[in-house]
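Structure first, commentary second.
The values are calculated or read from the model by the stated rules, or taken from the named source; none is laboratory data. Note that this is a predicted model, so its numbers are computed, not measured. Here the Cβ is made from the backbone with ideal geometry for all residues, glycine too, and neighbour counts use every protein chain on show.
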């Protein structure tokens, strides 16, 4: 019942052809290691300034998904294209879209990133992904063999509600392809990935971008595969390309959820009620 999975770490830049070639080579390495499911990172085929988004955005299916679909078919594996830029009806914006390709080469799932990286940490990180990316409006799970895969992308990681909804929809494995910022990554990446696994008792596969591009986009790396008890099954050392491989057993999810029934012991009736906020100021006045 075990499934061999791979999280791929890349150092993408603005050369889309070179990025796709690098991804194909990493997928081949993962397949040679026995992986039947492999996941690329966010923005795998273009990691660069937003000014270049429109030129590389494409339809799905399209040229890039076609190339990877051919390899999925040739190898008989499932490939999760971490994310690429998908054209939208708004010519000023694209979608940041994850795609799952079946061993037949067919597109079986597509997820558009819901939470966009709009942050302002003075003196450290200021970025507005929403200036060039349109937000997705649907959550997605799909069956991949014995796994039910819940889809997410990078900054989604900070929104626990999304992952609980995926778990309630039956997700046993959560995909988090990322290009996580290097500064915030050092503080938050591993603890958040492990938290998403622990709170839902699900496996998490988190492919990552690593290193700094010629334009100065710095990503944290440290791709991870985490078990439903929060245990790190595989982790990259940081910068540079890498292929992480681990065998997972989806039955372990049911076992852990049976031990600590975080899904069935929920109180949604309580969560929908207003919160009783008490003003205790008077207790502390001199």
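Do the conditions hold for residue 120, that is, is it assigned to a loop (DSSP other than H, G, I, E, B), surrounded by fewer than 16 Cβ atoms within 10 Å (Cβ to Cβ), modelled with pLDDT under 95 and in contact with a strand residue (DSSP E or B) (Cβ under 7 Å, 6 or more places away or on another chain)? Judged against the criteria, residue 120 is not a match. Among the residues of this structure, residue 182 does not count as one that is at negative phi and in contact with a helix residue (DSSP H, G or I) (Cβ under 7 Å, 6 or more places away or on another chain). Filtered by the rule that a residue be under 15 Å from residue 244 (Cβ atoms) and within 17 Å of the chain's Cα centre (by Cα), segment 28-43 gives 37, 38, 39, 40, 41. Across segment 185-223, what is the total count of residues that are in contact with a helix residue (DSSP H, G or I) (Cβ under 6 Å, 6 or more places away or on another chain), surrounded by fewer than 24 Cβ atoms within 10 Å (Cβ to Cβ) and closer than 21 Å to residue 85 by Cα? Selection size over segment 185-223: 1. Listed by position, the strands (runs of 3 or more DSSP E) enclosed by segment 163-274 include none that has at least 3 residues that are in contact with a strand residue (DSSP E or B) (Cβ under 7 Å, 6 or more places away or on another chain) and without any contact (Cβ under 8 Å) to a residue 12 or more places away in the chain.
In segment 87-117, which residues are in a strand (DSSP E or B) and closer than 20 Å to residue 71 by Cβ? 97, 98, 99, 100, 101, 107, 108, 109, 110 - these are the residues of segment 87-117 that are in a strand (DSSP E or B) and closer than 20 Å to residue 71 by Cβ. Being outside any loop (DSSP other than H, G, I, E, B) and touching a residue at least 60 places away in the same chain (Cβ under 8 Å) is the requirement here; does residue 82 meet it? Criteria met by residue 82. Among the residues of segment 39-56, is there at least one that is out of contact with any helix residue (DSSP H, G or I) (no Cβ under 7 Å at 6 or more places or on another chain), surrounded by 23 or more Cβ atoms within 10 Å (Cβ to Cβ) and not in a loop (DSSP other than H, G, I, E, B)? Among the residues of segment 39-56, at least one is out of contact with any helix residue (DSSP H, G or I) (no Cβ under 7 Å at 6 or more places or on another chain), surrounded by 23 or more Cβ atoms within 10 Å (Cβ to Cβ) and not in a loop (DSSP other than H, G, I, E, B), which makes the answer yes.
All of (1) crowded, with 17+ Cβ neighbours inside 10 Å; (2) more than 27 Å from residue 138 (Cβ to Cβ) hold for residue 93 with one exception: (2).
Across segment 139-162, the number of residues qualifying as in contact (Cβ under 8 Å) with a residue 60 or more places away in the chain, part of a helix (DSSP H, G or I) and surrounded by fewer than 24 Cβ atoms within 10 Å (Cβ to Cβ) comes to 0. Here residue 72 meets each of (1) within 21 Å of the chain's Cα centre (by Cα); (2) part of a loop (DSSP other than H, G, I, E, B) with one exception, condition (2).
The residues of segment 123-138 that are in a strand (DSSP E or B) and surrounded by 13 or more Cβ atoms within 10 Å (Cβ to Cβ), listed by number, are 125, 127, 128, 133, 134.
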